[in-house]
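Worksheet: the structure to be examined is printed underneath.
The values are calculated or read from the model by the stated rules, or taken from the named source; none is laboratory data. The structure presented is a predicted model; accordingly, all values stated were derived computationally and were not measured. With ideal geometry, Cβ positions are generated from the backbone for all residues, glycine too; neighbour counts draw on all protein chains shown. What goes into the accessible areas is simple: the full protein's heavy atoms, side chains included, and nothing from ligands, DNA or RNA. Shrake-Rupley method; radii C 1.70, N 1.55, O 1.52, S 1.80 Å.
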Amino acid sequence: MKVAVAGCCHGALDKMYETLELLQRRHNVRPDLLLCCGDFQAVRNEADLRCMAVPAKYRHMQTFYRYYSGEKKAPVLTVFIGGNHEASNHLQELPYGGWVAPNIYYLGYAGVVRFRGVRIGGISGIFKSHDYRKGHFECPPYNQQTIRSAYHVRNIEVFKLKQLKRPIDIFMSHDWPRSIYHYGNKKQLLKMKSFFRQEVESNTLGSPAASELLQHLKPTYWFSAHLHVKFAAFMQHETNSKEELPKATKFLALDKCLPHRDFLQQIIDVEHDPNAGDSLEYDAEWIAILKATNNLVNVTPSCWNMPEKNGLHAKWDYSVTEEAIKEVLEELNHDLKIPCNFTLTAACYDPSKPQKNMNPVHTINPQTTEFCAQFGLIDINDRIQQAKEEGSGRGECEEEEEEEMDSTGSAEEPSEYNTDNSGLSSFNPDEIMLDEEGGDEDLSTCSVDPSPDHPPEFSTSFSDIRIMPDSMAVSSDDAMDSNNEELEKSGGSKQVEEKSSTERSLKRIGGDENGNSGVKKIKRRNQAIYTAEIADEDK
């Protein structure tokens with residue numbers, strides 16, 4: 001089947017679907033499935049806009065609300081993950097995944113589904129070490145810290161995904177797996193994005209958590225976005241035993257929404273089960289893992305580590321048996337079809353009646369309620385509501401919490417990783433903002449392919465096959481994370497290299513309610529593409 005893959009669409013659904021329809025008319029190519037690697041921006045109304053971590057001048061309604069209201073319907077089944085520019089309050093309603101509109105499915109904080117026998121997994125958000133070991137405690141209305149931490153990857157999601165044993169066909173992450181740039185045309189990447197050089201050479205560009213998942217899952221395809229540059233790589237994985245067959249991953253990082261000539265290069269043919277139906281389906285192993293890890297759910301900002309084989313935990317292996325998978329199948333009567341139970345949970349934007357003062361509220365989505373009841377899982381949002389009512393924890397989103405956070409910032413805690421660069425780099429890709437000028441850059445100068453003669457064909461494009469050396473492997477046993485995220489630079493015609501050691505050592509501090517920060521920092525990978533006021537950026 002044909003699978004189209006899109007990068008950051010930033011809410012421009014009309015443009016994305018029109019591009020696919022244009023492909024069909026001009027090239028007779030019609031994808032069976034569309035995947036989007038984050039920054040989807042499922043914005044329903046003005047309240048959702050206020051929950052999106054971008055400067056106010058970039059908070060545009062775009063066109064998702066038309067699909068949410070039913071005015072339009074996605075012409076192709078669309079599956080997406082969250083990025084770092086999302087209506088976090090909307091996506092938070094569906095921590096285990098669900099429909100955000102008819103024919104548009106969100107994978108949740110982390111998730112695995114099946115379509116025509118193809119197994120598709122993903123993890124939402126971006127990596128930040130100081131939030132990595134916390135629970136999902138955030139809730140709207142967000143403050144200056146939680147509006148950002150809400151989309152930071154948590155260790156429990158990575159832990160769940162690492163329990164998977166069965167092969168994954170396609171995996172999505174928003175930020176790149178760390179080290180992946182060593183397996184593609186690194187020279188051309190640095191030619192296009194010279195300000196990546198320091199991080200590439202120090203091997204700190206990208207997410208260490210995603211790198212760990214890449215090594216564990218070894219999917220056939222891995223797609224990412226976030227950095228707004230197209231880049232392809234091919235990684236040959238090491239085998240654990242002589243009996244294990246060699247595995248390789250074809251990696252593709254996507255630019256933001258592209259014109260049809262480039263989108264055509266992002267449609268791949270994937271082997272599928274011709275006898276499978278056309279419905280999106282649950283994955284039985286993933287459901288069994290959710291059930292097995294249910295007691296690990298944490299909705300507090302307290303940091304904690306996942307179970308390890310270190311003598312401190314009675315149980316550390318939460319992978320599931322064939323019997324557990326069989327039980328899930330029996331619970332569902334072997335019908336894995338995901339119900340089309342989309343429900344409106346918020347008022348839809350009305351262009352004729354704008355409501356600029358609409359405030360976000362914490363909502364429990366009926367889809368999540370039904371899912372949790374069916375499989376005996378904790379409803380994370382219900383648990384957060386309980387914590388609020390009991391006045392416990394900082395999931396309450398109170399003024400007292402905001403004052404405390406403003407005075408202390410996001411405290412650096414011991415991390416499972418020895419660096420905090422991710423989108424965690426000295427340039428920090430999670431700070432990427434929308435185009436200051438409002439226009440698209442020349443896409444022809446922002447595309448990195450191993451083989452310019454055959455960009456659409458993975459078989460001919462991925463010619464640089466390498467095996468990841470042990471020195472690049474990311475271990476969850478690494479001790480302390482550093483404060484590399486404090487080293488920030490801006491792109492543009494030249495990099496800003498002057499920064500005092502005092503500024504570099506400062507921890508990030510939340511600004512006041514107007515977004516004013518005590519320290520003005522220059523930070524931008526590509527000033528021509530991403531510029532924004534520092535006070536409004538992700539800390």
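A few remarks follow.
- Pairs beyond 24 Å (Cα-Cα), from Lys128/Lys356; Lys160/Lys218; Lys134/Lys309; Lys337/Lys388; Lys57/Lys187; Lys134/Lys162: Lys128/Lys356; Lys337/Lys388; Lys57/Lys187
- When the listed pairs Lys230/Lys250; Lys230/Lys256; Lys15/Lys256; Lys191/Lys247 are checked against a 18 Å cut-off, the alpha-carbon distance exceeds it for Lys191/Lys247.
- Cα-based shape type of region 295-362, given that a ≥ b ≥ c are square roots of the gyration tensor eigenvalues and the cut on a/c is 1.5: oblate
- Global form of region 1-118, assessed from the alpha-carbon gyration tensor, a/c cut-off 1.5: oblate
- Residue-normalised accessible area of region 2-391, expressed per residue, 1.4 Å probe, Å²: 36 Å²
- Calculated FRET value between Glu327 and Gln236, using beta carbons and R₀ = 35 Å, to 0.05: 0.45
- Anisotropy class of region 82-230 from Cα gyration tensor, a/c 1.5 cut: oblate
- Annotation: amide H-H contacts under 5 Å for Met172 (H modelled 1.01 Å from N, sequence separation of 5 or more, or interchain): Gly121, Gly122, Ile123, Phe223.
- Placing R0 at 41 angstrom, the Cβ-Cβ distance between Gln24 and Arg166 gives a FRET efficiency of 0.75 after rounding to 0.05.
- The convex hull around the C-alpha trace of region 214-358, projected and averaged over every direction, spans 16.5 square nanometres.
- Kirkwood radius for region 2-391, taken over all pairs of different Cα atoms as the inverse mean of 1/r, rounds to 21.5 Å.
- FRET efficiency for Ala56 and Thr343, using Cβ-Cβ distance with R0 set to 35 Å, rounded to 0.05: 0.75
- Accessible surface of region 2-391, 1.4 Å probe: 47 percent of it comes from carbon and sulfur atoms.
- Distance from region 1-72 to region 282-297 (C-alpha centre basis), Å: 30 Å
- Contour minus Cα-Cα distance for Asn359 and Trp316 (0.36 nm per residue): 11.3 nm
- Computed accessible area, His272, all protein chains, 1.4 angstrom probe, square angstrom: 80 Å²
- Secondary structure note: in region 80-196, about 60% of the DSSP beta bridges are antiparallel.
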